[in-house]
1. Which strands (runs of 3 or more DSSP E) does segment 110-184 wholly contain that include 3 or more residues that are under 25 Å from residue 269 (Cα atoms) and assigned by TED's automatic domain parsing to the domain that holds residue 99?
2. With the requirement that a residue be out of contact with any strand residue (DSSP E or B) (no Cβ under 9 Å at 6 or more places or on another chain) and either in contact (Cβ under 8 Å) with a residue 24 or more places away in the chain or among the basic types (Lys, Arg) (or both), what does segment 23-43 give you?
3. Do we find that residue 67 is touching a strand residue (DSSP E or B) at 6+ places or on another chain (Cβ under 8 Å) and of a type outside the set (A, V, I, L, M) in this structure?
4. (1) at positive phi; (2) modelled with pLDDT under 90: which one isn't true of residue 292, the others all being true?
5. Which condition number does residue 106 fail, the rest of (1) surrounded by fewer than 22 Cβ atoms within 10 Å (Cβ to Cβ); (2) farther than 17 Å from residue 180 by Cβ being met?
6. Somewhere in segment 9-22, is a residue on the phi < 0 side of the Ramachandran plot, of a type outside the set (Asp, Glu) and in contact with a strand residue (DSSP E or B) (Cβ under 8 Å, 6 or more places away or on another chain)?
7. Can you pull out the helices (runs of 4 or more DSSP H) entirely within segment 1-106 that have at least 2 residues that are within 21 Å of the chain's Cα centre (by Cα)?
8. Considering segment 34-54 alone, what residues qualify as being within 25 Å of residue 143 (Cβ to Cβ) and surrounded by fewer than 19 Cβ atoms within 10 Å (Cβ to Cβ)?
Amino acid sequence: MVNDDHFRLILKLTSPITSKMNPNLRVKIAQIARHPGIQTLLDPNSINLYSNIKGKQYLKEIKYFDGTQLLVDINEMVGFRAAVKGKWDLTTFNIVSKIKKNNTIFIDIGAHIGTTSIPIANLGIKVISFEPNLDSAQLLIKNILKNNIQDIILLPLGLGSKKMSGKWKILSAPIGNIAGSTLITQWNYGKRLSGKRNVFISTLDECLLLMGLMSKSEDLIIKIDVEGFERDVMSGGTKAIRLHRPVIVFENNPSKIQSNENTSRFHQIFSNYEFYSVSENGVLNTFDLKIRYENAVAIPKEKIHFFE
């Protein structure tokens, strides 16, 4: 068994070689090897930690787990892993499949290229996707059209707190992990960035109000994947959260960047909610606000029975 320090050394030694490989070759080797460690060594996001991987898009059409066709960039982490495994993280999809109703609306904040939005739309659920990175949003549009998705709305803007609304903020996109684009200036980008751009910021409350979705008739399920900006997004959706009492799937990214005020506000928004870390198949586990989780879920107490 290779420990973490030894693996990082191997990654550091192999990255100068793998960074120069054609992305299609990296995918083929990873598919043949099937070993998680080898797949990680070939992952563009891992390579970018130590070497300058070329930021050029390498688009590939893949068959996704639900039978849909997705156009992905195999020169970045999500596209590479989706091409290798035929899926991306299915946590949110499995949760939505379990608790959806006839009037459910799924809100995907940080939708990237649609690896979550499109399979959920194929369940017959109305989807609202937010994606401020225009490179990702363009691929999402192509995937919507490719799969003839009818009931999906894409808004190419960022969400934040009320005090940020109506302003422009810099979005940074790391090479090899465009899905990790972030509005946090001190975030860990890897070796280098593919670029920065200004994005317009609104709030979840304002957007839902403009779309006429601030009544009690909607049953919302929300996914938030915004690389450290989760609490700002939640604070800008306070009214929607209190009105709709949605189940919210989110990344928990504790950081020194986040203040005690934000931590306090995080608790105030969620009255009578339970928090859990959650596995890909929907199993609930303990949650600690100070620990990082790829997937956590906030569940209103009156909806906890859906997970039992």
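The values are calculated or read from the model by the stated rules, or taken from the named source; none is laboratory data. All values derive from a computational prediction rather than experimental measurement. With ideal geometry, Cβ positions are generated from the backbone for all residues, glycine too; neighbour counts draw on all protein chains shown.
1. 126-130
2. Across segment 23-43, the qualifying residues are 26, 28, 30, 31, 34, 37, 39, 40, 41, 42, 43.
3. So residue 67 fails the test.
4. Every condition holds for residue 292 apart from (1).
5. Going through the list (1) surrounded by fewer than 22 Cβ atoms within 10 Å (Cβ to Cβ); (2) farther than 17 Å from residue 180 by Cβ, residue 106 breaks only (1).
6. Checked against the condition, which is being on the phi < 0 side of the Ramachandran plot, of a type outside the set (Asp, Glu) and in contact with a strand residue (DSSP E or B) (Cβ under 8 Å, 6 or more places away or on another chain), segment 9-22 yields no hits at all.
7. Filter on segment 1-106 gives 36-42, 44-47, 77-85, 91-99.
8. Across segment 34-54, the qualifying residue is only 54.
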